[in-house]
Amino acid sequence: MKTISIINLKGGVAKTISAINIAYTLVKVHGKRVLLIDNDKQGNTSKFFGLHSYEDKSLADLLTDRDCSIESVIKPTAYEGLNIIPANMNLLRANKEILLDVSRPQQTRLRKALSQITNEYDYCIIDNAPDINMTVINALVASDDVLVPIKVDKFAFDGLELLVEQIADVKEFNDNIIFKGCFITMFQKNGVNVQGCEYLFSSTSYPLFHTVVRKTVKVDETTFVGKPLLDYKKSTAGQDYEKLVEEYLQMC
Ligand SMILES: Nc1ncnc2c1ncn2[C@@H]1O[C@H](COP(=O)(O)OP(=O)(O)OP(=O)(O)O)[C@@H](O)[C@H]1O
Ligand SMILES: [Mg+2]
């Protein structure tokens, strides 16, 4: 199983939409078995699939309760081959609890849990919060690859230095981690986006995917119907996520 963290310290750059659609593209186009982890207390990925709840166990339990098995927090989605570990506001409490509980390792809990199901999935995709906290550090320690969605504006790469530093710190626990690259989301064919995009491609020293994900109202529509793009109406963004996954797979 390969584990991919979708992360950016900035909010609203399409981390959740990318995690959902990359995961579903791997299932639908490539026939892979995918586990999607919601690692954000906002629980947007869980809500998308109608799996946000306070009755069932969630990621918070997995990271704080030593008797909680990973099987007990995995939920099936409506799509065969795509399962999810949901999250809710309890993740806030979990972050504090992990810090306070020094009786067992704090940074490697998710990796340890995932090691139990490594033969059951081909990919694990983690939708992270726009933050660096204990659960995000757990995600990085468990990840092979890091993908960073960005929006075209003057501040596109803000916070990336900090993220790169964090990835370097995590290497103490996880030598395998690779910052695979940034990819542009919500691209619009107007002057500022086209020029901004050219600027980003020419000026950055960070790895940048060639594939650009276009902006379309269909993405917002999918959040209401709870369907990934490839299971919804044909869309530019759906085609772009297909290309992005292809580009990613060719790098591996
Ligand atoms: N390609 C796209 N075209 C149009 N809208 C998009 C696209 N990608 C994402 N969006 C919209 O942008 C908003 C932010 O997306 P999303 O929730 O995935 O960002 P995020 O980085 O996960 O945010 P947060 O930091 O709050 O977790 C959502 O309303 C989403 O529907
Ligand atoms: Mg999100």
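Here region 6-143 is assigned +1 on the Cβ of each Lys and Arg and -1 on the Cβ of each Asp and Glu. Its dipole about the Cα centre then comes out at about 300 debye. Using a probe of 1.4 Å, the accessible surface attributed to S205 totals some 110 Å² when neighbouring protein chains are kept in position.
Taking L35, L91, L100 as the candidate residues, the one with maximal mean-square fluctuation in a Gaussian network model of the chain, Cα springs under 10 Å, is L100.
Only protein heavy atoms count here; under a 1.4 Å probe, F187 has an accessible surface of about 40 Å².
Using a Förster radius of 25 Å, what is the FRET efficiency between Y199 and T236 based on their Cβ-Cβ separation? Nearest 0.05, please.
Values: r = 22 Å, r/R0 = 0.89.
That gives a FRET efficiency of 0.65.
Helix-only arithmetic for the chain: the sum of -39500 (n - 2.57) across DSSP H runs with n ≥ 4, divided by the residue total, places the mean residue ellipticity at 222 nm at -11500 deg cm²/dmol. Helix 90-100 and the longest principal axis of the C-alpha atoms of the chain enclose an angle of approximately 60°.
Find out how many positive minus negative residues lie around V225, taking Lys and Arg as positive, Asp and Glu as negative, among other residues whose Cβ is under 15 Å from that of V225. Each step should come with its number before you reach the end.
Working: positive: K47, K218, K227, K233, K234; negative: D220, E221, D231.
So the surrounding residues net to +2.
As a fraction of the 1.4 Å probe accessible area of region 1-149, surface on carbon and sulfur atoms comes out at 48 percent. Computed from phi, the 3J(HN,Hα) profile of region 220-228 under the Karplus parametrisation 6.51, -1.76, 1.60 (θ = phi - 60°) reads 4, 4, 5, 5, 7, 8, x, 10, x Hz, with x in place of Gly and Pro.
Mean-square fluctuations from a GNM of the chain, with a 10 angstrom spring cutoff on Cα atoms, peak among R104, R214, R33 at R104.
Go through region 42-139 and name the chymotrypsin sites (Phe, Trp or Tyr not before Pro) that are in a DSSP coil and have 15 or fewer other Cβ atoms within 10 Å of their Cβ.
Values: sites: F48, F49, Y54, Y79, Y121, Y123; in loops: F49, Y54, Y79, Y121.
Hits after loop and neighbour filter: Y54.
Helix 236-251 and the longest principal axis of the Cα set of the chain meet at an angle near 70°.
Mind ranking E247, E172, E242 by accessible surface for me, highest first, 1.4 Å probe? Can you show the working numbers first?
Numbers: E247 40, E172 155, E242 70 Å².
Output order, biggest surface exposure first: E172, E242, E247.
Assigning unit charges at the beta carbon (Lys, Arg +1; Asp, Glu -1) and nothing else, what dipole magnitude in debye, to the nearest 20, does region 2-251 show about its Cα centre? Result for region 2-251 is approximately 520 debye, rounded to the nearest 20.
For the options L59, L200, L26, a Gaussian network treatment of the chain with springs between C-alpha atoms closer than 10 Å singles out L200 as fluctuating the most.
The values are calculated or read from the model by the stated rules, or taken from the named source; none is laboratory data. Every value quoted in this text rests on a predicted model; they were computed, and no experiment measured them. Here the Cβ is made from the backbone with ideal geometry for all residues, glycine too, and neighbour counts use every protein chain on show. Side chains included, ligands, DNA and RNA excluded: accessible areas come from the protein's heavy atoms. Shrake-Rupley method; radii C 1.70, N 1.55, O 1.52, S 1.80 Å.
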